[in-house]
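Asks: The structure's right below; bear with me while I get my questions together.
The values are calculated or read from the model by the stated rules, or taken from the named source; none is laboratory data. Everything numeric here is computed off the predicted structure, so don't read it as measured data. All Cβ positions, even for glycine, are placed from backbone atoms using ideal geometry, and neighbour counts span all protein chains on display. Accessible surface is based on the protein model in full, side chains and every heavy atom, while ligands, DNA and RNA are left aside. Shrake-Rupley method; radii C 1.70, N 1.55, O 1.52, S 1.80 Å.
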Amino acid sequence: MDGSVLAVTGVGRAARARATTFVLFAILALAFVLSLLLGPSDFTAGDIVRGLFDGQGAAGIVARELRLPRAGLAIAVGAALGASGAALQGLFRNPLAEPGVTGVTSCAGLGAVVAIYFGLTVAHALLLPLFAIGGALVSAGILYLLSRRGAGATALVLAGVAVASLATALTALALSFARNPYAMSDMVFWMMGSLKDAKPADLYFAAPLTLIGILLLLSAARGLDALTLGEEAARSLGVDVGSVRGRVVIGVALATGAATAAAGAVSFVGMVVPHVLRRFYGYEPSRLILPSALGGAVLVTVADVAIRLVAPDGQLLLGVVTAMLGAPFFFWLILRLRREA
């Protein structure tokens, strides 16, 4: 292929990426506005908009204390999971990788369940997210120590599966010994994933950590590109493989831990979004992390709006919907990979 053909191909891909980004931003803006306007109260769209800006009256409370945190948290949660999935797929060189593979989601869930089990959430509202992020950091720390000792991508995947299995077993144990049915109900509801009870404090807590985590992932993007050639090739190009792994693991722990702490277990976003966007942005991880953050925000915000339209009573939860969408996609992806093998 000569240089002119490569240049035309590159220009075409850049145009396609810009068009996709524009469409994603347009969908996100529309979904965000709908998320602000949807709710069980009788306020008109004008009431909510005025309340959002002046904060006066009941409409101001509803707009600022209930709907804005929910809409903002949907963006933060989706961005965290999408960017984390893109980085992990680059690190493990496996399109099936997502935050759940590293055990981060399961350990964050275990941390939150421990806080609920011992009644710590009554003592202070921030203890639940702190325990969730602590659990995520424990999982990330185990993977980071293994990477420092030279464990390869396959070993890290297996270690993540083992950590996730242990966290799931301990969570089930906590449910079995729940002190009362109300605590068990809280734990089960939280594990199913939802933005229904989002509060401003949840957004203030999750958004900065998500941003820091995504920035860490972006700092490792070029190294992830080199890792697609293999670890030895990356080292020969002067890439500090251990440092790249460490930044990815810690970035994923912060972003996913904060998202899981705020919304519970929301699965498959980190696997589906990067895979769908790869054909529009290219296969290099450095090209996918930010678009995947945007795509994840779109998916979670649209799913949350759809839930409120289909089931206004709140009985349908976000984690259930993403699992129902993601599980068939997961099986389709496995079959496709088998055909291509």
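A quick yes/no check of all residues on (1) more than 21 Å from residue 216 (Cβ to Cβ); (2) modelled with pLDDT under 90:
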site: 289; (1), (2): no, no
site: 298; (1), (2): yes, no
site: 315; (1), (2): yes, yes
site: 318; (1), (2): yes, yes
site: 321; (1), (2): yes, yes
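Asks: Right, another one. I want to confirm something. Restricting to the stretch 178-195 and keeping residues that are at pLDDT 80 or above and more than 12 Å from residue 112 (Cβ to Cβ), which single residue is most open to solvent (accessible area, probe 1.4 Å)?
Replies: Within the stretch 178-195, the match that is most open to solvent (accessible area, probe 1.4 Å) is 194.
Asks: If you check residue 47 against the conditions, is it of a type in the set (D, E, K, R), surrounded by fewer than 17 Cβ atoms within 10 Å (Cβ to Cβ) and out of contact with any Ser or Thr (no Cβ under 8 Å at 6 or more places or on another chain)?
Replies: no
Asks: Go through the stretch 161-193 residue by residue and tally those that are under 19 Å from residue 254 (Cα atoms) and either in contact with a strand residue (DSSP E or B) (Cβ under 8 Å, 6 or more places away or on another chain) or of a type in the set (Ser, Thr, Tyr) (or both).
Replies: 0
Asks: Which pairs do you get when a residue that is under 11 Å from residue 21 (Cβ atoms), found in the stretch 274-298, comes within reach of a residue that is outside any helix (DSSP H, G or I), reach meaning Cβ atoms under 6 angstrom, with the pair 6+ apart or on two chains?
Replies: Matching pairs, first to second residue: none at all.
Asks: Something else now. Please give the number of the condition residue 226 fails out of (1) modelled with pLDDT of 85 or more; (2) under 20 Å from the mean Cα position of the chain (by Cα); (3) buried (at least 17 other Cβ atoms within 10 Å of the Cβ).
Replies: It fails just one condition, (2).
Table: residues versus (1) within 19 Å of residue 192 (Cα to Cα); (2) buried (at least 20 other Cβ atoms within 10 Å of the Cβ).
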| site | (1), (2) |
| --- | --- |
| 291 | no, yes |
| 295 | no, yes |
| 301 | yes, yes |
| 313 | yes, no |
| 327 | yes, no |
| 333 | no, no |
| 339 | no, no |
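Asks: Hey, among 96, 52, 91, which residue is among the aliphatic types (A, V, I, L, M) and under 25 Å from residue 308 (Cα atoms)?
Replies: 52
Asks: When you go through (1) open to solvent by less than 60 Å² (accessible area, probe 1.4 Å); (2) among the small types (Gly, Ala, Ser); (3) over 13 Å from the mean Cα position of the chain (by Cα) one by one for residue 257, which number turns out not to apply?
Replies: Going through (1) open to solvent by less than 60 Å² (accessible area, probe 1.4 Å); (2) among the small types (Gly, Ala, Ser); (3) over 13 Å from the mean Cα position of the chain (by Cα) one by one, residue 257 breaks only (3).
Asks: I've got another one for you. Please work out if residue 81 is within 21 Å of residue 312 (Cβ to Cβ) and of a type in the set (A, V, I, L, M).
Replies: The answer is no for residue 81.
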